[in-house]
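One structure below.
The values are calculated or read from the model by the stated rules, or taken from the named source; none is laboratory data. Predicted model only: the values in this text are computed from it and were never measured. Note: ideal-geometry Cβ built from the backbone for every residue, glycine included; neighbour counts use all protein chains shown. Ligands, DNA and RNA are stripped out before the accessible areas are found, and what is left, the full protein with its side chains, is counted by its heavy atoms. Shrake-Rupley method; radii C 1.70, N 1.55, O 1.52, S 1.80 Å.
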Amino acid sequence: MSEIIRAKNSGFCFGVRIAIEKTEDTIENNKNNNTRNIYTCGPLIHNKGVTDELAQKGVKIIESPEEAAFGDLLIIRSHGEGEEFYGRANELGLEIIDATCPFVMKIQKLVKQAKADGYNIVVVGDKYHPEVKGINGWCGFSSIIINSEEEAKSIEADNLFIVAQTTIKFELLENIIEILKKSGKRIHIENTICHATSIRQESCMQTAKKCDAMIIVGGKDSSNTRKLYEISKKYCKSTYLIEKIQELPLKDLKKCNKIGIAAGASTPERIIKEVIASMSEFITENQEDNLMHALMEEIEK
Ligand code: F3S
């Protein structure tokens, strides 16, 4: 008999859930007002299904606050924005709905204070990622952004205050700290890595180890979903990455006894449940077919 196992900690993380809830509340509160537009700067989350649905409800994506008009509503994503962004939006007369993840907001406050205390800020992370750009914007864009051990070796400044992008690997932060310690610099470290990512990856790995096939549900342009796919593929060869139920490889799953499901941080609960329901239905039908087939063979004997 086939079994479906859902990896623990799949789907929306705490920060994404808050961002979605705040956006839905904003839509609800604004539904009788057709003079104000609702915007996000960049997509709210990396899931096209969700952003398309939000667009239908009137949430449009813009690239900068200047594209909005006086009085419009501007939702700040869970990645956060730099301090000057708030000033610009205020000057433009926009109403801000701040959906910055509380963990990211904590980093922003830390670097602002550290800068005021005279530290040189080091952010370990990807300089092109919106979260890192936002953090840098809370210390006057003065931070030294590094993403490798080599870059850590080339830091000349002393009196360093080190924070990390929430989604980086702990090993990278650990290695960089080791290098900076050896260099004899004065350093203050704040481990700001968010555990939601590592816990999700660990659960996906544990599930993949005991399954014949794995379905990873999430946006194909979502980096954390792709990471889950790579981890799963290592332990379970028959791993499939799907964005919607229509992509379920049902035929390939026919012979599998244990099918695992894991989902990225931007995958809505509704889609995960739809995938599970569709697979359960398929398994039941398939088992009935097999049973009928076995019975017919018995009768024909
Ligand atoms: Fe926040 Fe961690 Fe999610 S930083 S947005 S809870 S991955």
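Observations on the model:
- Whichever residue in region 134-171 is away from the ligand (no atom under 16 Å from the Cβ) and in a helix (DSSP H, G or I) and, among such residues, is least open to solvent (accessible area, probe 1.4 Å): Ala152
- Lys106 within 12 Å of the ligand (Cβ to nearest atom) and open to solvent by 60 Å² or more (accessible area, probe 1.4 Å): yes
- Region 21-49 residues that are at positive phi, paired with ones that are in a helix (DSSP H, G or I) and open to solvent by 40 Å² or more (accessible area, probe 1.4 Å) (beta carbon under 7 Å, 6 or more apart): Gly42/Pro130
- Qualifying position, being in contact with a Pro (Cβ under 8 Å, 6 or more places away or on another chain) and of a type in the set (A, V, I, L, M), among Leu73, Leu54, Leu92, Leu110: Leu92
- Residues in region 176-205 that are surrounded by fewer than 16 Cβ atoms within 10 Å (Cβ to Cβ) and either within 18 Å of Ile271 (Cβ to Cβ) or within 23 Å of the chain's Cα centre (by Cα) (or both): Glu190, Asn191, His195, Ser198, Ile199, Glu202.
- Looking only at residues of region 218-237 that are hydroxyl-bearing (Ser, Thr, Tyr) and open to solvent by 40 Å² or more (accessible area, probe 1.4 Å), we find that the one that is farthest from Ala265 (Cα to Cα) is Tyr235.
- Residue selected from region 159-191 under the condition among the hydroxyl-bearing types (Ser, Thr, Tyr) and closer than 24 Å to Gly80 by Cβ, by the criterion modelled with the highest pLDDT: Thr166
- Screening Glu131 against (1) outside any helix (DSSP H, G or I); (2) touching a helix residue (DSSP H, G or I) at 6+ places or on another chain (Cβ under 9 Å); (3) of a type in the set (D, E, K, R) leaves a single unmet condition, (1).
- Region 258-301 - residue that is open to solvent by 90 Å² or more (accessible area, probe 1.4 Å) and at pLDDT 85 or above and, of those, farthest from Thr225 (Cα to Cα): Glu281
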